[in-house]
Amino acid sequence: MIKRSFILPGILISITIWGLLSLGFWQLDRAEEKRQIESEIVLAQSNPAQLATQVDELLGKEHYQVLLKGHYDDDKQFIYDNQIVKGNAGYYVLTPFVLNDTTAILVNRGFVPWYGDRDKLADIKVSNNDVTIKVQLIKPKQRIELKQQDIEPSFPVLIQSLDLDKLSQLSGYQIIPMLAQLDVKAENGFYRQWQPFYGSVDKHLGYALQWFLMALVLSLIAITLLIKNSRK
């Protein structure tokens, strides 16, 4: 017979085991979500790059490679600061690529290290002639700013986050809410080794295994205590 003194601890242990199991199944769900995302990306990147002629087309083409026809605006470039690539601190060069008179997309032309001299920018000039470029589209992520940045309106503008509304005001273009990563073989770029999307499926599976093992260990402890309590 189970003693009364064991009822409350038993309830608490049961609730804890239920919580651990819930966390484990939640991690399995997350792993499946990431697996589906990875499959969609692999499918998107397996398609050959095609010319996107309509602005609306770009919004549904995340992770796709596309061809864009237009021209760079050399006079309104942005220096996306506080980037780390292969252990080097530096910046990305973001150049508006003008698709029509009022609309542009930011093209990430690659990474440039500071080399300890933050007062000296690399030569980022680029021709304004009409060209067709190959890019991969991603959705820009705005970093959390610890304090509001005072942006100097003189170009090239140093920025700490991708506030596209603010960048649209500064540039005078309606900037499409997508970021174009310039193809590694394209001209007019800097260091480019774009990281593919990693959905961390294995990480979620590992977390799920940890939660399930903790639930198993706690269950074995609870069974042992229950047996001992019943014998007294």
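Over the range 64-182, the reciprocal of the mean inverse Cα-Cα separation, the Kirkwood hydrodynamic radius, stands at 14.7 Å. Of Arg192, Arg118, the sequence from fewest to most neighbouring Cβ atoms within 10 angstrom is Arg118, Arg192. The GNM of the chain, with springs linking C-alpha atoms under 10 angstrom apart, assigns the highest mean-square fluctuation among Gly90, Gly189, Gly60 to Gly60.
Given 0.36 nm per residue, what is the gain on full extension from Ala122 to Leu67 after removing their alpha carbon distance, in nm?
Working: separation 55, 0.36 × 55 = 19.80 nm, distance 2.66 nm.
Between Ala122 and Leu67, full extension yields an extra 17.1 nm.
By the helix-only formula, in which each DSSP H run with n ≥ 4 contributes -39500 (n - 2.57) and the sum is divided by residues, the chain has a 222 nm mean residue ellipticity of -12500 deg cm²/dmol.
At full extension, Ile11 and Lys203 could sit 66.0 nm farther apart than now, given 0.36 nm per residue minus the alpha carbon distance.
Kirkwood hydrodynamic radius of the range 1-129 from all distinct Cα pairs, in Å?
On the way: mean 1/r = 0.0502 Å⁻¹.
For the range 1-129, inverting the mean 1/r across all distinct Cα pairs yields 19.9 Å.
Expected output is a single nm value to one decimal: the length gained when fully extending between Glu57 and Asp81, i.e. 0.36 nm times separation in residues minus the C-alpha distance. What is it?
On the way: separation 24, 0.36 × 24 = 8.64 nm, distance 2.93 nm.
Here the answer is 5.7 nm.
Bear in mind these aren't lab numbers, they're just calculated from the coordinates by the rules spelled out. What you see is a predicted model, and the numbers here were worked out from it, not measured in a lab. Virtual Cβ from ideal backbone geometry, glycine too; neighbours counted across all protein chains shown.
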